[in-house]
Amino acid sequence: MYCAHCAKKIDEAKIEKKQNSVLRSALERYFSYNGEVNYDSIKAIEKLVIETTTDTYVNLYDFNYLKSDDFRDLSVLNLENANVYADNYQVSAQRLNRIPANALLGKASLTEVVLPNTVKYISDSAFKDTSLTSITIPSFVSSIGNKAFNTVNEVKITALYPIENSAFLPAFKTADVYYLVDESAVDTFKDKFS
């Protein structure tokens with residue numbers, strides 16, 4: 001599907017968030033033609049890929065925007081090449097590489113999220129009440145918050161390494177946890193959890 005206004009593909013948008021910008025501004029620039037923004041095209045995005053530069057982050061403000069009705073059809077969010085930050089603009093080491101609490105809470109249309117490999121923490125209720133069906137936990141994750149994946153569906157977890165069971169216990173209240181691992185890592189997982 002293409003935007004008649006700006007002739008850009010709208011079912012999948014790839015946005016680069018640059019220094020000192022907010023996601024809303026980056027999307028408005030992307031879907032602008034002759035100074036006019038087609039907001040209907042933003043609402044129709046199904047798959048959104050966000051990339052950031054080294055000193056730029058997808059922050060709390062951006063996550064709140066992604067939860068808004070402006071993204072009514074958003075089902076896939078790819079943050080693989082993005083930096084994330086659990087605050088707005090006051091950068092501190094404690095909030096760097098952290099998915100914020102309630103990041104996408106209640107985003108019922110969301111079925112898939114690709115996290116950046118640099119994520120270390122997934123905060124409380126980050127993906128609660130979404131429709132996630134699968135997610136890959138990056139290898140640097142050391143903490144998963146309460147009800148982080150308490151979703152309406154059963155969630156299949158792909159973990160690239162063994163994660164302590166205690167990291168999952170508060171994160172999943174209604175969903176089962178599955179590990180999908182490389183054949184070469186099966187023994188490591190068996191030793192860890194048997």
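The values are calculated or read from the model by the stated rules, or taken from the named source; none is laboratory data. Keep in mind it's a predicted model, so treat the numbers as computed, not measured. Don't worry about glycine lacking a Cβ; one is built from the backbone with ideal geometry, like all the others, and counts go over all protein chains shown. Calculation scope for accessible area: heavy atoms of the full protein, side chains included, ligands and nucleic acids excluded. Shrake-Rupley method; radii C 1.70, N 1.55, O 1.52, S 1.80 Å.
Tabulated results
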read-out	value
Accessible area in square angstrom per residue, the range 25-125, 1.4 angstrom probe	46 Å²
Formal net charge of residues neighbouring LYS43 (Cβ-Cβ distance under 11 Å; K, R +1; D, E -1)	-4
Carbon plus sulfur fraction of accessible area for the range 23-63, probe 1.4 Å, in percent	42 percent
Cα-projected label distance for SER142 with ASN81, points at 7 Å along beta-carbon direction, nm	2.9 nm
Sorted peptide list for 111-122, 66-77, criterion being average Cβ within 10 angstrom, highest first	111-122, 66-77
